Amino acid sequence: MANSNRTMMNRTILHDLYEKHRKSPYYDNLCRPVSDLLPLIASGIRGVTSNPAIFERAILSSNAYDEQFRELIEAGKDIENAYWELVVKDIQDTCKLMEPIYNETDALDGHVSVAVSPKLANDTEGTIEATKWLHKMVGCPGVYIKIPATDESIPAIKEVISLGISVNVTLIFCLPRYEEVINAYLDGLEAADMTDLSKLTSAAAFYISRVDVTIDKKLEQIGTTEAVDLKGKAAVAQAVLAYQLYQKKFSGPRWESLEKRGAKKQRLMWASTNVKNPAYPDTFYVDSLIGPDTISTMPDQALQAFMDHGILSRTIDAKVSEAQDIYNAIEKLGIDWSSVGSQLEHEVLDSFSKSFDNVLECLHKKAKTREFIRP
(Lines give C-alpha, C1' and ligand atoms only; values in the text may rest on other atoms or scores of the structure.)
Protein backbone atom coordinates (compact mmCIF):
# COMPACT_ATOMS: atom_id res chain seq x y z
CA MET A 1 0.00 0.00 0.00
CA ALA A 2 2.87 2.38 0.80
CA ASN A 3 4.33 1.82 -2.66
CA SER A 4 0.92 2.42 -4.21
CA ASN A 5 0.58 5.72 -2.35
CA ARG A 6 4.06 6.76 -3.45
CA THR A 7 3.23 5.98 -7.07
CA MET A 8 0.07 8.06 -6.77
CA MET A 9 2.06 10.95 -5.30
CA ASN A 10 4.57 10.77 -8.14
CA ARG A 11 1.76 10.79 -10.65
CA THR A 12 0.00 13.83 -9.20
CA ILE A 13 2.70 16.18 -7.90
CA LEU A 14 3.14 17.87 -11.29
CA HIS A 15 -0.63 18.29 -11.60
CA ASP A 16 -0.71 19.77 -8.11
CA LEU A 17 2.14 22.12 -8.95
CA TYR A 18 -0.06 23.68 -11.62
CA GLU A 19 -3.49 23.32 -10.07
CA LYS A 20 -2.53 24.57 -6.60
CA HIS A 21 0.22 27.04 -7.49
CA ARG A 22 -0.32 27.88 -11.19
CA LYS A 23 3.25 26.92 -11.96
CA SER A 24 3.66 24.95 -15.19
CA PRO A 25 6.20 22.10 -15.35
CA TYR A 26 7.91 21.78 -18.75
CA TYR A 27 10.30 19.03 -19.81
CA ASP A 28 13.73 20.13 -21.01
CA ASN A 29 14.55 17.24 -23.32
CA LEU A 30 13.49 15.72 -26.61
CA CYS A 31 14.38 12.68 -28.72
CA ARG A 32 12.77 10.07 -30.94
CA PRO A 33 10.34 8.51 -30.59
CA VAL A 34 8.50 11.52 -29.20
CA SER A 35 5.78 9.14 -28.02
CA ASP A 36 8.12 8.49 -25.06
CA LEU A 37 6.79 11.82 -23.76
CA LEU A 38 3.26 10.48 -23.30
CA PRO A 39 3.76 9.14 -19.73
CA LEU A 40 5.26 12.48 -18.70
CA ILE A 41 2.36 14.38 -20.23
CA ALA A 42 -0.03 12.10 -18.33
CA SER A 43 1.95 12.90 -15.16
CA GLY A 44 1.43 16.63 -15.66
CA ILE A 45 4.14 17.96 -18.01
CA ARG A 46 2.59 20.94 -19.80
CA GLY A 47 5.24 21.85 -22.38
CA VAL A 48 8.61 20.87 -23.84
CA THR A 49 11.82 22.81 -24.43
CA SER A 50 14.86 21.97 -26.54
CA ASN A 51 18.24 23.46 -27.42
CA PRO A 52 21.17 22.63 -29.74
CA ALA A 53 22.83 20.43 -27.10
CA ILE A 54 19.64 18.38 -26.68
CA PHE A 55 19.41 17.77 -30.44
CA GLU A 56 23.11 16.96 -30.64
CA ARG A 57 22.62 14.28 -27.99
CA ALA A 58 19.40 12.96 -29.53
CA ILE A 59 20.63 12.71 -33.12
CA LEU A 60 24.11 11.35 -32.39
CA SER A 61 23.11 8.78 -29.78
CA SER A 62 20.34 7.10 -31.76
CA ASN A 63 19.72 5.51 -35.13
CA ALA A 64 16.10 6.73 -35.02
CA TYR A 65 17.02 9.64 -37.32
CA ASP A 66 18.91 7.59 -39.91
CA GLU A 67 16.05 6.73 -42.24
CA GLN A 68 14.81 10.31 -42.57
CA PHE A 69 18.36 11.61 -42.88
CA ARG A 70 19.16 9.11 -45.65
CA GLU A 71 16.04 10.16 -47.56
CA LEU A 72 16.94 13.84 -47.22
CA ILE A 73 20.49 13.31 -48.47
CA GLU A 74 19.26 11.18 -51.38
CA ALA A 75 16.81 13.97 -52.22
CA GLY A 76 19.74 16.37 -52.57
CA LYS A 77 19.46 18.27 -49.28
CA ASP A 78 22.68 19.71 -47.91
CA ILE A 79 23.73 18.73 -44.38
CA GLU A 80 22.48 21.84 -42.58
CA ASN A 81 19.09 21.79 -44.29
CA ALA A 82 18.81 18.08 -43.54
CA TYR A 83 19.58 18.81 -39.86
CA TRP A 84 16.78 21.36 -39.69
CA GLU A 85 14.37 18.91 -41.32
CA LEU A 86 15.18 16.37 -38.58
CA VAL A 87 14.65 18.99 -35.89
CA VAL A 88 11.43 20.32 -37.38
CA LYS A 89 9.89 16.85 -37.57
CA ASP A 90 10.54 16.28 -33.85
CA ILE A 91 9.05 19.68 -33.00
CA GLN A 92 5.98 19.10 -35.18
CA ASP A 93 5.37 15.65 -33.70
CA THR A 94 5.75 17.00 -30.16
CA CYS A 95 3.43 19.92 -30.89
CA LYS A 96 0.77 17.38 -31.91
CA LEU A 97 1.17 15.62 -28.56
CA MET A 98 0.87 18.92 -26.70
CA GLU A 99 -2.00 20.28 -28.81
CA PRO A 100 -4.79 19.24 -26.38
CA ILE A 101 -3.10 21.21 -23.58
CA TYR A 102 -2.56 24.17 -25.90
CA ASN A 103 -6.24 24.20 -26.85
CA GLU A 104 -7.57 23.58 -23.33
CA THR A 105 -5.55 26.49 -21.92
CA ASP A 106 -6.23 28.90 -24.78
CA ALA A 107 -2.54 29.04 -25.75
CA LEU A 108 -1.26 29.53 -22.21
CA ASP A 109 0.51 26.14 -22.12
CA GLY A 110 1.20 23.26 -24.48
CA HIS A 111 4.20 24.99 -26.06
CA VAL A 112 7.21 23.30 -27.67
CA SER A 113 10.36 25.41 -27.98
CA VAL A 114 12.95 25.25 -30.75
CA ALA A 115 15.94 27.57 -31.00
CA VAL A 116 17.21 29.48 -34.00
CA SER A 117 20.84 28.76 -34.86
CA PRO A 118 23.19 29.92 -32.09
CA LYS A 119 25.37 31.31 -34.88
CA LEU A 120 22.85 34.14 -35.31
CA ALA A 121 22.99 35.43 -31.72
CA ASN A 122 24.72 38.66 -32.79
CA ASP A 123 22.82 39.12 -36.05
CA THR A 124 19.53 41.02 -35.66
CA GLU A 125 18.28 40.65 -39.23
CA GLY A 126 19.49 37.06 -39.47
CA THR A 127 17.59 36.19 -36.29
CA ILE A 128 14.40 37.81 -37.61
CA GLU A 129 14.59 35.91 -40.90
CA ALA A 130 15.48 32.61 -39.21
CA THR A 131 12.60 33.01 -36.77
CA LYS A 132 10.11 33.65 -39.56
CA TRP A 133 11.47 30.68 -41.55
CA LEU A 134 11.45 28.28 -38.58
CA HIS A 135 7.97 29.37 -37.50
CA LYS A 136 6.67 28.73 -41.02
CA MET A 137 8.52 25.42 -41.32
CA VAL A 138 7.05 24.03 -38.10
CA GLY A 139 3.62 25.42 -38.88
CA CYS A 140 2.07 24.57 -35.51
CA PRO A 141 0.33 27.15 -33.29
CA GLY A 142 1.97 25.79 -30.13
CA VAL A 143 5.57 26.31 -31.26
CA TYR A 144 7.80 28.74 -29.38
CA ILE A 145 10.77 30.01 -31.37
CA LYS A 146 13.70 30.46 -28.99
CA ILE A 147 15.70 33.65 -29.39
CA PRO A 148 18.65 34.47 -27.10
CA ALA A 149 18.48 37.70 -25.08
CA THR A 150 21.63 39.20 -26.60
CA ASP A 151 22.00 42.93 -27.30
CA GLU A 152 21.51 42.30 -31.02
CA SER A 153 18.50 40.02 -30.54
CA ILE A 154 16.42 42.38 -28.39
CA PRO A 155 15.21 44.34 -31.47
CA ALA A 156 14.53 41.02 -33.21
CA ILE A 157 12.25 39.98 -30.33
CA LYS A 158 10.16 43.12 -30.72
CA GLU A 159 9.95 42.64 -34.49
CA VAL A 160 8.86 38.99 -34.52
CA ILE A 161 6.34 39.54 -31.71
CA SER A 162 4.83 42.36 -33.78
CA LEU A 163 4.50 39.85 -36.63
CA GLY A 164 2.45 37.51 -34.43
CA ILE A 165 5.18 34.92 -33.75
CA SER A 166 5.25 33.51 -30.20
CA VAL A 167 8.73 33.52 -28.68
CA ASN A 168 10.66 31.90 -25.85
CA VAL A 169 13.36 34.46 -25.02
CA THR A 170 16.23 32.46 -23.63
CA LEU A 171 19.65 32.95 -22.00
CA ILE A 172 18.58 35.62 -19.49
CA PHE A 173 21.08 35.81 -16.63
CA CYS A 174 20.59 39.22 -14.99
CA LEU A 175 17.83 41.65 -14.06
CA PRO A 176 18.78 44.55 -16.38
CA ARG A 177 18.67 42.26 -19.41
CA TYR A 178 15.39 40.76 -18.22
CA GLU A 179 13.80 44.22 -18.14
CA GLU A 180 14.96 44.80 -21.72
CA VAL A 181 13.28 41.51 -22.70
CA ILE A 182 9.98 42.54 -21.10
CA ASN A 183 10.12 45.92 -22.85
CA ALA A 184 10.77 44.25 -26.21
CA TYR A 185 7.72 42.03 -25.68
CA LEU A 186 5.51 44.97 -24.71
CA ASP A 187 6.79 47.03 -27.64
CA GLY A 188 6.10 44.12 -29.97
CA LEU A 189 2.57 43.66 -28.68
CA GLU A 190 1.83 47.35 -29.15
CA ALA A 191 3.20 47.26 -32.70
CA ALA A 192 1.27 44.10 -33.64
CA ASP A 193 -1.33 44.68 -36.33
CA MET A 194 -3.92 42.44 -34.66
CA THR A 195 -7.06 43.34 -32.76
CA ASP A 196 -6.97 40.03 -30.84
CA LEU A 197 -3.63 39.25 -29.18
CA SER A 198 -4.81 36.23 -27.21
CA LYS A 199 -2.89 33.63 -29.22
CA LEU A 200 0.36 35.62 -29.19
CA THR A 201 2.37 34.54 -26.16
CA SER A 202 5.90 34.51 -24.84
CA ALA A 203 8.12 33.09 -22.11
CA ALA A 204 11.26 34.66 -20.63
CA ALA A 205 13.76 31.92 -19.73
CA PHE A 206 15.75 33.11 -16.72
CA TYR A 207 18.70 30.80 -15.99
CA ILE A 208 19.24 29.68 -12.40
CA SER A 209 21.91 27.10 -11.47
CA ARG A 210 24.58 28.50 -13.79
CA VAL A 211 24.36 31.82 -11.93
CA ASP A 212 25.20 30.10 -8.64
CA VAL A 213 28.10 28.20 -10.20
CA THR A 214 29.72 31.43 -11.40
CA ILE A 215 28.97 33.60 -8.38
CA ASP A 216 29.94 30.86 -5.90
CA LYS A 217 33.39 30.77 -7.50
CA LYS A 218 33.72 34.52 -7.10
CA LEU A 219 32.58 34.34 -3.47
CA GLU A 220 35.16 31.62 -2.78
CA GLN A 221 37.87 33.81 -4.29
CA ILE A 222 36.87 36.71 -2.03
CA GLY A 223 37.05 34.25 0.85
CA THR A 224 35.66 36.35 3.71
CA THR A 225 33.12 34.86 6.13
CA GLU A 226 30.44 37.13 4.68
CA ALA A 227 31.24 36.01 1.13
CA VAL A 228 31.28 32.30 1.97
CA ASP A 229 27.95 32.64 3.81
CA LEU A 230 26.38 33.91 0.58
CA LYS A 231 27.26 30.80 -1.43
CA GLY A 232 24.25 29.07 -2.95
CA LYS A 233 21.98 32.07 -2.40
CA ALA A 234 22.62 34.28 -5.42
CA ALA A 235 20.59 32.59 -8.15
CA VAL A 236 17.37 32.17 -6.18
CA ALA A 237 17.62 35.69 -4.72
CA GLN A 238 17.95 37.20 -8.19
CA ALA A 239 15.08 35.07 -9.49
CA VAL A 240 12.83 36.21 -6.63
CA LEU A 241 13.58 39.82 -7.62
CA ALA A 242 12.90 38.96 -11.26
CA TYR A 243 9.42 37.85 -10.24
CA GLN A 244 8.90 41.18 -8.47
CA LEU A 245 9.93 42.97 -11.67
CA TYR A 246 7.56 40.77 -13.66
CA GLN A 247 4.65 41.73 -11.41
CA LYS A 248 5.52 45.42 -11.67
CA LYS A 249 5.91 45.49 -15.45
CA PHE A 250 2.75 43.49 -16.14
CA SER A 251 0.46 45.86 -14.25
CA GLY A 252 -0.63 49.46 -14.59
CA PRO A 253 -2.14 51.45 -17.49
CA ARG A 254 0.24 50.29 -20.24
CA TRP A 255 -0.37 46.63 -19.57
CA GLU A 256 -4.11 47.09 -18.98
CA SER A 257 -4.53 48.62 -22.45
CA LEU A 258 -2.81 45.58 -23.98
CA GLU A 259 -4.84 43.20 -21.85
CA LYS A 260 -8.00 44.69 -23.34
CA ARG A 261 -6.75 43.42 -26.69
CA GLY A 262 -6.41 39.91 -25.23
CA ALA A 263 -2.67 40.08 -24.52
CA LYS A 264 -1.17 37.46 -22.22
CA LYS A 265 1.66 38.15 -19.80
CA GLN A 266 5.14 36.99 -20.79
CA ARG A 267 5.60 34.28 -18.19
CA LEU A 268 8.87 33.77 -16.36
CA MET A 269 10.43 30.42 -17.19
CA TRP A 270 13.04 29.10 -14.76
CA ALA A 271 15.71 27.36 -16.84
CA SER A 272 18.90 25.53 -15.85
CA THR A 273 17.14 23.90 -12.89
CA ASN A 274 19.50 20.93 -12.49
CA VAL A 275 21.56 21.31 -9.32
CA LYS A 276 25.24 21.40 -10.30
CA ASN A 277 26.64 21.51 -6.75
CA PRO A 278 26.00 18.19 -4.93
CA ALA A 279 26.05 20.07 -1.62
CA TYR A 280 22.68 21.62 -2.50
CA PRO A 281 19.37 19.70 -2.36
CA ASP A 282 18.57 18.19 -5.77
CA THR A 283 15.15 19.89 -5.90
CA PHE A 284 16.51 23.24 -4.72
CA TYR A 285 15.92 25.26 -7.89
CA VAL A 286 12.40 23.96 -8.40
CA ASP A 287 11.24 24.06 -4.77
CA SER A 288 12.57 27.59 -4.21
CA LEU A 289 10.77 29.24 -7.14
CA ILE A 290 7.15 28.12 -6.93
CA GLY A 291 4.53 30.75 -7.67
CA PRO A 292 1.74 31.77 -10.06
CA ASP A 293 2.28 32.49 -13.76
CA THR A 294 5.69 30.82 -13.85
CA ILE A 295 7.18 27.84 -15.67
CA SER A 296 9.96 25.50 -14.56
CA THR A 297 11.60 23.68 -17.41
CA MET A 298 13.31 20.60 -15.98
CA PRO A 299 15.85 18.19 -17.43
CA ASP A 300 15.59 14.54 -16.39
CA GLN A 301 17.60 14.90 -13.18
CA ALA A 302 15.58 17.82 -11.78
CA LEU A 303 12.28 16.36 -12.97
CA GLN A 304 12.78 12.92 -11.46
CA ALA A 305 13.99 14.41 -8.18
CA PHE A 306 11.00 16.75 -7.94
CA MET A 307 8.51 14.02 -8.83
CA ASP A 308 10.04 11.83 -6.11
CA HIS A 309 10.40 14.29 -3.23
CA GLY A 310 9.61 17.84 -4.33
CA ILE A 311 7.97 20.23 -1.89
CA LEU A 312 4.70 21.90 -2.91
CA SER A 313 4.68 25.33 -1.31
CA ARG A 314 4.51 28.88 -2.65
CA THR A 315 8.05 30.15 -2.23
CA ILE A 316 8.60 32.73 -4.97
CA ASP A 317 7.59 35.72 -2.84
CA ALA A 318 7.94 34.33 0.69
CA LYS A 319 11.26 36.11 1.39
CA VAL A 320 11.46 39.13 -0.91
CA SER A 321 13.28 41.45 1.50
CA GLU A 322 15.83 38.73 2.26
CA ALA A 323 16.39 38.24 -1.46
CA GLN A 324 17.01 41.97 -1.88
CA ASP A 325 19.50 41.92 1.00
CA ILE A 326 21.39 39.01 -0.58
CA TYR A 327 21.43 40.71 -3.98
CA ASN A 328 22.76 43.95 -2.47
CA ALA A 329 25.35 42.16 -0.32
CA ILE A 330 26.79 40.37 -3.35
CA GLU A 331 26.96 43.66 -5.22
CA LYS A 332 28.73 45.35 -2.29
CA LEU A 333 31.40 42.65 -2.40
CA GLY A 334 32.31 43.93 -5.86
CA ILE A 335 30.51 41.29 -7.92
CA ASP A 336 28.78 42.94 -10.87
CA TRP A 337 25.56 41.16 -11.79
CA SER A 338 25.53 42.43 -15.38
CA SER A 339 29.13 41.30 -15.91
CA VAL A 340 28.21 37.84 -14.61
CA GLY A 341 25.27 37.85 -17.03
CA SER A 342 27.50 38.75 -19.99
CA GLN A 343 30.03 36.06 -19.05
CA LEU A 344 27.35 33.37 -18.81
CA GLU A 345 25.67 34.47 -22.02
CA HIS A 346 28.99 34.11 -23.85
CA GLU A 347 29.76 30.72 -22.26
CA VAL A 348 26.37 29.16 -23.04
CA LEU A 349 26.22 30.53 -26.57
CA ASP A 350 29.71 29.14 -27.17
CA SER A 351 28.62 25.75 -25.82
CA PHE A 352 25.50 25.70 -28.03
CA SER A 353 27.54 26.75 -31.08
CA LYS A 354 29.92 23.85 -30.47
CA SER A 355 26.98 21.44 -30.20
CA PHE A 356 25.53 22.81 -33.43
CA ASP A 357 28.87 22.48 -35.25
CA ASN A 358 29.49 19.00 -33.88
CA VAL A 359 26.17 17.54 -34.97
CA LEU A 360 26.60 18.98 -38.47
CA GLU A 361 30.12 17.57 -38.70
CA CYS A 362 28.98 14.13 -37.52
CA LEU A 363 26.06 14.13 -39.96
CA HIS A 364 28.45 15.08 -42.76
CA LYS A 365 30.71 12.13 -41.90
CA LYS A 366 27.73 9.79 -41.67
CA ALA A 367 26.47 10.86 -45.10
CA LYS A 368 29.86 9.92 -46.58
CA THR A 369 30.11 6.43 -45.10
CA ARG A 370 29.69 3.43 -47.38
CA GLU A 371 27.39 1.72 -44.87
CA PHE A 372 25.03 4.69 -44.90
CA ILE A 373 24.73 5.17 -48.67
CA ARG A 374 22.34 2.71 -50.31
CA PRO A 375 23.68 0.93 -53.41
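Within the stretch 170-224, how many residues are under 18 Å from residue 242 (Cα atoms), assigned to a helix (DSSP H, G or I) and in contact with a Lys or Arg (Cβ under 9 Å, 6 or more places away or on another chain)? Total meeting the criteria: 10.
Taking residues in the stretch 85-108 that are over 21 Å from residue 39 (Cβ atoms), and partners anywhere that are of a type in the set (A, V, I, L, M), the pairs with Cβ atoms closer than 8 Å and at least 6 places apart or on different chains are 85/72; 86/59; 86/72; 87/114; 88/114; 88/134; 88/137; 88/138. The number of residues in the stretch 46-77 that are aliphatic (A, V, I, L, M) and free of Cβ contacts under 8 Å to residues at least 40 places away in the same chain comes to 5. Taking the stretch 225-244 as the range and being open to solvent by less than 60 Å² (accessible area, probe 1.4 Å), in a helix (DSSP H, G or I) and either without any contact (Cβ under 8 Å) to a residue 40 or more places away in the chain or under 24 Å from residue 348 (Cα atoms) (or both) as the test, the residues that pass are 234, 235, 236, 237, 238, 239, 240, 241, 242, 243.
The set of residues in the stretch 109-123 that are in contact with a strand residue (DSSP E or B) (Cβ under 7 Å, 6 or more places away or on another chain) and small (Gly, Ala, Ser) comprises 110, 113, 115, 121.
Of the residues making up the stretch 310-341, those that are within 26 Å of the chain's Cα centre (by Cα), open to solvent by 30 Å² or more (accessible area, probe 1.4 Å) and either within 27 Å of residue 300 (Cα to Cα) or hydrophobic (A, V, I, L, M, F, W, C) (or both) are 311, 312, 313, 314, 315, 317, 318, 320. Residue count for the stretch 147-172, restricted to those that are open to solvent by 10 Å² or more (accessible area, probe 1.4 Å) and of a type in the set (Gly, Ala, Ser): 2. Which of the residues that make up the stretch 120-141 are open to solvent by less than 10 Å² (accessible area, probe 1.4 Å) and within 21 Å of residue 46 (Cβ to Cβ)? If the condition is that a residue be open to solvent by less than 10 Å² (accessible area, probe 1.4 Å) and within 21 Å of residue 46 (Cβ to Cβ), then 138 is the only one that fits. Surrounded by fewer than 14 Cβ atoms within 10 Å (Cβ to Cβ), among the aliphatic types (A, V, I, L, M) and in a helix (DSSP H, G or I), is that true of residue 286? When the stated conditions are applied, residue 286 does not pass them. The set of residues in the stretch 250-294 that are on the phi > 0 side of the Ramachandran plot and over 18 Å from the mean Cα position of the chain (by Cα) comprises 252, 262. Within the stretch 125-139, residues that are within 17 Å of residue 81 (Cβ to Cβ) and at pLDDT 95 or above have Cβ atoms under 9 Å from residues that are open to solvent by 20 Å² or more (accessible area, probe 1.4 Å) and of a type in the set (S, T, N, Q) in these pairs: 137/92; 138/92; 139/92, counting only partners at least 6 apart in sequence or on another chain.
Restricting attention to the stretch 270-283, does a residue exist that is open to solvent by less than 30 Å² (accessible area, probe 1.4 Å), assigned to a strand (DSSP E or B) and among the aromatic types (Phe, Trp, Tyr)? For the stretch 270-283, residues open to solvent by less than 30 Å² (accessible area, probe 1.4 Å), assigned to a strand (DSSP E or B) and among the aromatic types (Phe, Trp, Tyr): present. Listed by position, the strands (runs of 3 or more DSSP E) enclosed by the stretch 1-116 that each have at least 1 residues that are in contact with a Lys or Arg (Cβ under 7 Å, 6 or more places away or on another chain) and under 22 Å from residue 287 (Cα atoms) are 23-28.
Checking residue 144 against (1) out of contact with any Phe, Trp or Tyr (no Cβ under 7 Å at 6 or more places or on another chain); (2) open to solvent by less than 20 Å² (accessible area, probe 1.4 Å); (3) on the phi > 0 side of the Ramachandran plot, which test does it fail? Failing condition for residue 144: (3).
The values are calculated or read from the model by the stated rules, or taken from the named source; none is laboratory data. Remember, it's a predicted structure, so these values are computed and weren't measured experimentally. A quick note on method: Cβ atoms are made from the backbone with ideal geometry, for glycine too, and the neighbour counts reach across all protein chains shown. Calculation scope for accessible area: heavy atoms of the full protein, side chains included, ligands and nucleic acids excluded. Shrake-Rupley method; radii C 1.70, N 1.55, O 1.52, S 1.80 Å.
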